[in-house]
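Below is one structure, written out as structure tokens; the observations come after it.
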Amino acid sequence: MEITNLRVLSGERGSRAPGPEASILKIRGTEIAQRISELLMRAVGPYALPFRREAMEAGWQSTRLARRGTQVCRDLAAAYMNQRKLSIFGGTNEIQKILFPK
């Protein structure tokens, strides 16, 4: 990924239009970022659940377990949801694959 990124940057310095390398970066970069966020969600299990104070007060979960989880992973669910959009903006990955087939 780093070498491909350097190729794209080098092409821009030379006033060259972005080619297939930019699409490769977009496709693979988003796929990797999404897979990492999925792995993190699986690794922390229920700790990744969004924290809602009112749920804690109602006693929906073990208070000790939920508080510990939210301290460690409180932003993980939001980051996971945010990663979903990466494959859509900047041209969906499916469109990028049509533009520059293998």
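The values are calculated or read from the model by the stated rules, or taken from the named source; none is laboratory data. Since this is a predicted model, take the numbers as computed values, not measurements. As a convention, Cβ positions derive from the backbone with ideal geometry for all residues, glycine included, and neighbour counts pool all protein chains shown. Accessible surface areas use protein heavy atoms only, side chains included; no ligands, DNA or RNA. Shrake-Rupley method; radii C 1.70, N 1.55, O 1.52, S 1.80 Å.
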query = helices (runs of 4 or more DSSP H) wholly in segment 24-102 with at least 1 residues that are at pLDDT 60 or above and touching a Pro at 6+ places or on another chain (Cβ under 6 Å) - which ones?
reply = 76-84
query = So, in segment 1-51, of the ones that are open to solvent by less than 50 Å² (accessible area, probe 1.4 Å), more than 19 Å from the chain's Cα centre (by Cα) and not aliphatic (A, V, I, L, M), which residue ends up farthest from Asn82 (Cα to Cα)?
reply = Gly11
remark   = Matching residues in segment 5-23 (in a helix (DSSP H, G or I) and either of a type in the set (Lys, Arg) or without any contact (Cβ under 8 Å) to a residue 24 or more places away in the chain (or both)) number 11
ask   = How many of the residues making up segment 1-54 are in contact with a Leu (Cβ under 9 Å, 6 or more places away or on another chain), under 25 Å from Ala77 (Cα atoms) and among the small types (Gly, Ala, Ser)?
value = 4
